[in-house]
Amino acid sequence: MNFRWIRSQLGIVALVLLSANGHAVDADDPTPGYNHKIPQQILTPDVVETKLLGELTFDDGRPDEATTKKLYDFLTVVRGTEAFLNGIPATSIEGLRLGHIELGLKTSSQFMIMDRLLDSNPLFLTGNTDTVYCSGFLDLKRDGPTVVEVPEKCGPGTVNDAFFRFVIDMGVPGPDRGSGGKYLILPPDYDGEWEGPIGGKATEIDGETYFVVQSTSWVNWVILRGFLVDGKPDASAEMFRNGLKVYPLSMKSNPPAMKFVSGSEKTFNTIHANTFEFYEELATVIQREPVTMLDPELRGIFAAIGIEKGKEFSPDEKERRLLTEAVAIGNATARSIVFRPRLTGVKYYSGSAWMTAFIGGDYKWLKDGGRGGRNLDARTLFFYQATVNTPAMVLKMTGKGSQYAYAAVDQEGRYLDGSKTYKLRLPANVPVKDFWSVVIYDPQTRSELQTGQSFPSKNNKRDDLQTNPDGSVDLYFAPESPAGKESNWIQTVSGKGWYTLLRLYGPLDPWFEKTWRPGEIELFDDAD
């Protein structure tokens with residue numbers, strides 16, 4: 001008989017026991033070892049069996065040395081996993097910054113421009129092949145208040161802080177409404193006469209109107225987009241080269257010359273690490289940015305694994321081993337959230353594979369306006385695969401902004417296989433004012449799938465697509481084009497998976513009302 005097990009149960013089993021003389025003892029009699037009845041739910045047995053950690057051993061509620069060691073190791077792994085999942089927004093921005101440096105862009109007046117569009121060469125989280133990106137980083141600690149002059153006819157543009165939070169929109173969805181304007185970005189320590197609420201405030205400075213906003217961080221990402229004209233990027237590329245100006249306000253009278261470096265057809269990386277190096281990227285951000293950038297709760301998660309403002313991140317050999325385990329678990333968790341999400345509200349339509357990356361329709365990922373807190377898994381789902389955080393991507397802005405849907409499986413719920421042939425039907429009258437596109441991505445890098453096609457996509461303004469008699473368009477995905485479908489074919493890679501994003505620029509009411517919806521991705525047989 002296991003007397004140790006029996007002893008462990010005495011403090012937790014609320015049953016009527018037999019007394020030594022054979023008479024029943026009332027359930028309210030004192031628990032053995034106590035003067036009174038002790039609630040069973042507050043006691044800990046001498047031995048606790050767990051599926052995850054195995055046997056945990058206690059002496060009257062006190063963990064023994066082996067259990068203590070096991071639990072502290074487990075806590076490091078848990079904290080490291082939390083740090084990974086919560087730190088993705090910061091490391092994603094840092095990855096973008098490092099990618100710009102890789103191109104030789106080191107000051108606020110130096111911008112990358114995708115003057116021949118974003119092809120599949122760079123590693124860039126779910127970037128599109130359909131707009132002219134113009135991208136650069138501000139350093140408010142070095143430059144102080146910084147002016148961004150946005151040209152007329154600029155498409156959707158956004159400034160995000162070093163934790164990928166929204167600062168202000170520019171261009172069509174911004175306060176200049178596509179007419180061009182001057183934006184003044186204030187540093188986090190600014191304490192002067194101007195007010196800069198998130199989203200911006202029109203302010204007259206020296207006789208000129210500026211849209212003023214104060215960021216929470218020193219580093220800020222400026223990402224602007226220009227539309228194709230006659231299916232070509234030339235006009236937007238020239239618009240940025242001739243009209244975009246970025247300079248410290250202190251140099252207003254003599255601003256530095258702008259430098260534009262093409263990112264098209266070049267190989268560089270903008271994606272954060274999924275290995276131990278992730279924590280080093282995160283530590284760089286925490287050291288560089290003001291402590292006020294993050295709330296104490298979030299800072300505490302990072303500090304729990306040694307990433308703390310003003311302190312060197314230098315884990316010992318054992319901590320590195322545990323954190324390496326943690327980042328592997330965190331990465332696997334993020335991939336599960338993206339490719340097999342269980343989140344309520346992720347599906348656009350019942351029984352459909354089409355999903356939204358902005359669950360809850362809130363760019364802050366707040367549940368029920370904040371009453372339900374922040375939907376952390378929804379935030380992970382977005383930032384592990386995407387960039388740019390703006391209300392314009394979630395709000396109903398009929399004819400403006402943009403909307404997105406992604407699909408990682410076919411109509412039967414199976415991952416998409418690059419060795420097979422699939423068909424996607426887009427019904428007639430896709431509800432867009434500007435254009436629609438479909439781009440496919442590599443599930444490993446979450447970047448454009450690298451194939452024999454420079455642009456793994458189709459765009460109704462750039463591509464000469466075959467249209468069905470009813471106005472619908474069928475797109476085909478396969479290693480080789482089905483016969484006669486070349487104009488509507490997006491190439492895949494045998495032996496690799498893929499997934500896709502549908503983009504609508506200038507979405508119209510049928511999209512929001514769901515009276516128009518895309519078809520499902522189906523296996524295709526040439527004999528059909």
Check your understanding: Looking at the stretch 377-395, which of its residues are touching a helix residue (DSSP H, G or I) at 6+ places or on another chain (Cβ under 7 Å) and open to solvent by 40 Å² or more (accessible area, probe 1.4 Å)?
Key -> Asp377
Practice item. Could you tell me which residue of the stretch 299-320 is farthest from Gly80 (Cα to Cα), considering only residues that are open to solvent by less than 30 Å² (accessible area, probe 1.4 Å), touching a residue at least 60 places away in the same chain (Cβ under 8 Å) and not in a helix (DSSP H, G or I)? Key: Ile307
Review point. Can you tell me which residue in the stretch 154-180 is farthest from Met397 (Cα to Cα), limited to those that are free of Cβ contacts under 8 Å to residues at least 40 places away in the same chain and crowded, with 23+ Cβ neighbours inside 10 Å?
Key: Asp176
Exercise for review: Mind telling me which of the residues Ile113, Ile101, Ile88 ends up being among the aliphatic types (A, V, I, L, M) and open to solvent by 10 Å² or more (accessible area, probe 1.4 Å)?
Suggested key: Ile101
Check your understanding: Out of curiosity, is Glu281 touching a strand residue (DSSP E or B) at 6+ places or on another chain (Cβ under 9 Å) and open to solvent by less than 50 Å² (accessible area, probe 1.4 Å)?
Key -> no
Exercise for review: Go through the stretch 444-492 and give me each residue that's open to solvent by less than 30 Å² (accessible area, probe 1.4 Å) and under 26 Å from Gly95 (Cα atoms).
Suggested key: Arg446, Ser447, Glu448, Leu449, Pro456, Ser457
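This table checks each residue for (1) in a loop (DSSP other than H, G, I, E, B); (2) farther than 30 Å from Val394 by Cα; (3) among the hydrophobic types (A, V, I, L, M, F, W, C).
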{"site": "Arg462", "(1), (2), (3)": "yes, no, no"}
{"site": "Phe477", "(1), (2), (3)": "no, no, yes"}
{"site": "Ser487", "(1), (2), (3)": "no, yes, no"}
{"site": "Ser494", "(1), (2), (3)": "yes, yes, no"}
{"site": "Trp498", "(1), (2), (3)": "no, no, yes"}
{"site": "Leu501", "(1), (2), (3)": "no, no, yes"}
{"site": "Leu504", "(1), (2), (3)": "no, no, yes"}
Review point. Of the residues that make up the stretch 408-418, is at least one at positive phi, free of Cβ contacts under 8 Å to residues at least 40 places away in the same chain and part of a loop (DSSP other than H, G, I, E, B)?
Key: no
Revision key, fill the gap. For Ser250, the lone unmet condition from (1) over 29 Å from the mean Cα position of the chain (by Cα); (2) surrounded by 15 or more Cβ atoms within 10 Å (Cβ to Cβ); (3) more than 23 Å from Tyr505 (Cβ to Cβ) is (2)
Review point. Any chance the stretch 167-189 includes a residue that's in a strand (DSSP E or B) and among the polar types (S, T, N, Q)?
Key: no
Check your understanding: Going through the stretch 56-85 one residue at a time, which ones are part of a loop (DSSP other than H, G, I, E, B) and of a type in the set (D, E, K, R)?
Key -> Asp60, Asp64
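The values are calculated or read from the model by the stated rules, or taken from the named source; none is laboratory data. Worth saying up front: this structure is predicted, and the values here are computed from it rather than measured. With ideal geometry, Cβ positions are generated from the backbone for all residues, glycine too; neighbour counts draw on all protein chains shown. Note: accessible area is taken over every heavy atom of the protein model, side chains too, but ligands, DNA and RNA are not part of it. Shrake-Rupley method; radii C 1.70, N 1.55, O 1.52, S 1.80 Å.
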